[in-house]
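The values are calculated or read from the model by the stated rules, or taken from the named source; none is laboratory data. This one's a predicted model, so the numbers in the text were calculated from it and none came from an experiment. Cβ sites come from the backbone with ideal geometry, for glycine too, and all protein chains shown count toward neighbours.
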Amino acid sequence: MSTPQLLMIEDDERLAQMVGEYLVKSGFGFHHAGDGASGIEQLQLRSPDLVILDLMLPDTDGLEVCRRIRALPNGLSKVSVLMLTAKGDPMDRIIGLEIGADDYLPKPFEPRELLARIRAVLRRRSEGANESTAATVMRFGSLEIDRNARSVTVAGQPADLTSYQFDLLVAMAERAGRVLSRDQIMEAVRGRELEAFDRSIDVHMGRIRAAIEIDAKNPKRILTVRGVGYVFAKQQD
């Protein structure tokens, strides 16, 4: 089994060195870039399994770097991204999730929690990629979800989802017609532990709707059940 490779884009050299030493001891390959431009270059050169992306960088902000990553060609756009955000600033966190980050971690953080988040994101991707089921492709009207290819199309057109959002969609599609709470949805993909009053699931659902619904403001595929959670409609156009 190959060693998972991590790229940290962080201008704090001391923090990056500390994190790198800890993650290498934990069995990961680690590379560091001190700004957004060199981070993109390193990403294209090394094709890491996951990017640890700081929000505040000297040449640009992490949100813009995340946008650039998601626009890269040749599969590089699918790399997992874990964003480091300022503690107590939920707006940055929400925007980060909306533009494609798979997870976030507020600063300051414990290295053990960072390690747990990294492992959870990579585990979700690995489990999704290795999943072997009889129904490889799920079809709901014009919506097709291909588990093996980890791709989604609507009327033949690709839908742009992060790895985590793909897993959320599969989890809901497998339970079509069942009303699921936010906790049940996140537990279904074995995600990170829920924080108190965590609303990040709503952000991800908004991104999924924008990708698969004809009209995201009037959804027909993923419906909100007020006070409970969400339901994936069995019958779709």
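Observations on the structure shown:
- Scanning region 8-25 for residues that are under 22 Å from the mean Cα position of the chain (by Cα) and exposed (fewer than 15 other Cβ atoms within 10 Å of the Cβ) returns no hits.
- Selection within region 211-234 - of a type in the set (A, V, I, L, M), under 20 Å from residue 97 (Cβ atoms) and free of Cβ contacts under 8 Å to residues at least 40 places away in the same chain: 216
- Single match in 97, 143 (criterion: of a type outside the set (Val, Ile, Thr), in contact with a helix residue (DSSP H, G or I) (Cβ under 9 Å, 6 or more places away or on another chain) and at pLDDT 90 or above): 143
- Members of region 140-190 that are outside any helix (DSSP H, G or I) and among the polar types (S, T, N, Q): 142, 148, 151, 153, 157, 162, 181
- Residue 229, sole failed condition from (1) over 15 Å from residue 184 (Cβ atoms); (2) surrounded by 15 or more Cβ atoms within 10 Å (Cβ to Cβ): (1)
- Note on region 199-237: among residues that are among the polar types (S, T, N, Q) and modelled with pLDDT under 90, the one that is farthest from residue 140 (Cα to Cα) is 200.
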